[in-house]
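A short write-up of the structure that comes next.
Since every read-out is calculated from the coordinates, none of them should be taken as a lab result. Bear in mind that the values here come from a model prediction, so they are computed numbers and not experimental data. Here the Cβ positions follow ideal geometry from the backbone for every residue, glycine too, while neighbour counts run over all protein chains shown.
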Amino acid sequence: MGPTRGISIVLIAPALAMALALFVYPLGYSLIGAFQDRGGAWTLANFVRAWELYRLDTLYTVVIVGVSTLLIAVFSIAIGGYLTLGSSPLARKLLDWIYRWPLFVPFIVAALCMRTFLGRNGMMNNSFVFLGLMDQESAQSFLDWRGIVVTFVWKQTPFVTLMVAGAMLGLDRSTIDAARNLGASRLRVLLEIVVPQIRRTLAVGLILSFVTMMSVLSVPIMLSGQSPSMLTVNMAWRINSIGDYGTANALGFVSYLLTGLAAWFYLREAVRDKAAQGAPR
Amino acid sequence: MSARLEIERVEAAYSGTRVLKGVSLDVAPGEFVALLGSSGCGKTTLLRCVSGFVPVAGGAVRMGGRDITHAPPDKREMAMVFQSYALWPHMTVAQNVGYGLRLRGVARAAIAERVAATLAMLKLDGLGERNVTQLSGGQRQRVALGRALAIDPQILLLDEPLSNLDARIREDVRHEIKALQRRLGITTIHVTHDREEAMVMADRIVILDAGQIAQAGPPEEVYNRPVSPFVASFMGANNVVRLDAAMSGGRVRIAAGPHNRETDLTAAGPLEGPVVAHFRSEAARLGVIDEDAVDNALALDGRIVQAAYPGGFWRYAVAVGDRQFLVDDARKLDVGLPARIVLPADALHFFSASEA
């Protein structure tokens, strides 16, 4: 046992060292930095400043990321549901082929595309005008919080769908057939039989998406220059323009709390599920 | 409220391969029909055509006179019990059983009442609030049955629902399901590959072979009067002996061979030329060579090469020439002994060798 254990530690040491050096150390450094002033003394001044200057931005961030997460849930369930329950094999194949594309587009490129698509004279408005659905004068720009939400949803839906559709296809198919057999429509099967069985996978996908969206800088910078802005933009501003690492770290701490809260909700549900299903027979 | 089910020249295919080749079957209201066959014979496909999960490529399916050939599965008013039970793990026992009623918009109190009655009928009282993942295999099977029966279906479809149960529980459940079906009078179609299960449960057995019905009839008829070598083998008459036959004064005369004497048998003829005779190991008996000739029976001389005790009797492998036959006998005999397989005429199922 002794030598084997020693070898195991040697084997994982390089990976462990990399994780400590590149992840745990900077994270810890930034968390501690949130509670220190420039001189290194302990203080809550960074949080006070963050609250005074950026509470609206925090709310703005939560709303954008929250709404995006909800929309991603709706779209990924819809796409996964069609891939699992859809009646047309051709449409299923086409959807299966097409839905993953945004996964391969970087956020910055997605943001750039959305600028040309959602702007006042962007492709979306031009198409609507061309189709006679509205006139040029009433065209408005979507390059604000709505643009960010659209980009986030477009970019992250395939990721969650990939997980959700995989879980749906992995279900015991007869649980779906049993509901259909008893008279359930496809929509009811999706909402009452399929989604409850894959809810954990959905939750993991949404939380990972939530965390990703909380940390994207390029999309809010490119799509919405004005105030309020997302926390990532504020952090970049504090560091690059003012050199104020303390407030940036405090905002980082707030982001971390928000994502931690989402993870806590998920873990609590997972533990409850396990307790309910794992009781002795 | 049970319905007549008419299956008329139904065809089905999976990616170009014909699985059902024009199957016709008429199931009377309240009848219990077992679809029996080996893997890949099309029995499950036929059940899934009836339930609407597999599209029918040709022919028609009618329930109570209504054409449901192309109706979606949720518009057929049938209930199916699946091999894996297909219970919903996120619901309790009561929620599983009551789901079909909820879909029909039944009032909450009425659902609770019906669920309680169904659980009581299936001896699942007190388990309503349990999660289905906490039940034993037998209990899950009952919940699956309860879920199907709760909606009072016109037709009950059973897709090998007993194959995941322990052998001991399975025997009990067979009789329970049969008794329940008889009491409720529901038209039932039961898919199984287990011959005994079909015999015990069904009013009529339908044997499928390569997408076609090989024989259909009451259990004793299919068992005692198989119409083809396939049916005979499938119903347990696995020993096959090749003989030469001719008709002689209304009886079948079996020509003498290297291991048998010339014998006259009362058997359904006419039989001429090379034939195959199928027999079951339990229908034969072992005699000792040079005993008096046996009347109206075929005797094959061989040697015991193997003995096993499955319980209640001995099963011997007897080599006759280059072939081996399995024969049951109550006595314990030594391996190596010369032995004579005695086959009474009514134990033999004759077919022309060209059919085999």
### Message
Let me confirm one metric for peptide B:94-100, namely the mean number of other chain beta-carbon atoms within 10 Å of its residues' beta-carbons.
### Response
2
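Contour minus end-to-end for A:Ala41 and A:Leu217, with contour as 0.36 nm per residue of separation and end-to-end as the Cα-Cα distance?
60.4 nm
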### Query
So what's the gap between the Cα centers of region B:137-154 and region A:108-135, to the nearest angstrom?
55
#### Entry: Among B:239-246, A:48-55, the order from most to least packed when residues are scored by Cβ within 10 Å on average
B:239-246, A:48-55
### Query
List the GluC sites (Glu not before Pro) in region B:86-176 that DSSP assigns to loop (not H, G, I, E or B) and whose Cβ has at most 16 other Cβ atoms within 10 Å. Which are they?
B:Glu129
### Query
What angle do you read, to the nearest 10 degrees and between 0 and 90, between the alpha-carbon axis of helix B:108-121 and the longest principal axis of chain B?
20
### Task
Please work out the C-alpha center-to-center distance from region B:23-59 to region B:170-222 and express it in whole Å.
13
### Query
So which residue, out of B:Leu298, B:Leu124, B:Leu337, gets the largest mean-square fluctuation from a GNM of chain B using Cα contacts under 10 Å as springs?
B:Leu337
### Summary
Connecting every pair of Cα atoms under 10 Å apart in chain B and solving the GNM, the largest mean-square fluctuation among B:Thr133, B:Thr118, B:Thr69 falls on B:Thr133
### Task
Take every Cα-Cα distance within region A:32-187, group them into 10 Å bins from 0 onward, and report for each bin the whole-number percent of pairs it holds.
9, 23, 25, 21, 13, 6, 1, 0
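Determine, from the Cβ-Cβ distance of B:Ser38 and A:Leu133 and an R0 of 56 Å, the FRET efficiency 1/(1 + (r/R0)^6), rounded to the nearest 0.05.
0.35
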### Task
May I ask you to order A:175-185, B:86-96 by the average number of other C-beta atoms within 10 Å around their residues, highest value first?
A:175-185, B:86-96
### Query
Sorted by packing (mean other beta-carbon atoms within 10 Å per residue), highest first, where do B:301-311, B:22-32, A:131-141 land?
B:22-32, B:301-311, A:131-141
#### Entry: Within 10 Å of each Cβ in A:184-197, the average number of Cβ atoms from other chains
3
### Query
What is the average number of partner chain Cβ atoms found within 10 Å of a Cβ in B:144-156?
1
### Message
For chain B, what is the number of Lys pairs with C-alpha distance below 23 angstrom, counting only pairs 8 or more positions apart or on separate chains?
### Response
4
### Crossing angle, helix B:137-150 versus chain B [Cα axis fit, 0-90 degrees, rounded to tens]
60
#### Entry: Which of B:Arg253, B:Arg114 has the fewest Cβ neighbours within 10 Å, and the rest in rising order
B:Arg253, B:Arg114
### Query
Pick from A:Ile239, A:Ile79, A:Ile98: which is most flexible by mean-square fluctuation in a GNM of chain A where alpha carbon atoms under 10 Å apart are linked?
A:Ile98
## Note on the structure
Summing +1 per Lys or Arg and -1 per Asp or Glu among the other residues with Cβ less than 14 Å from B:His193's Cβ gives -3
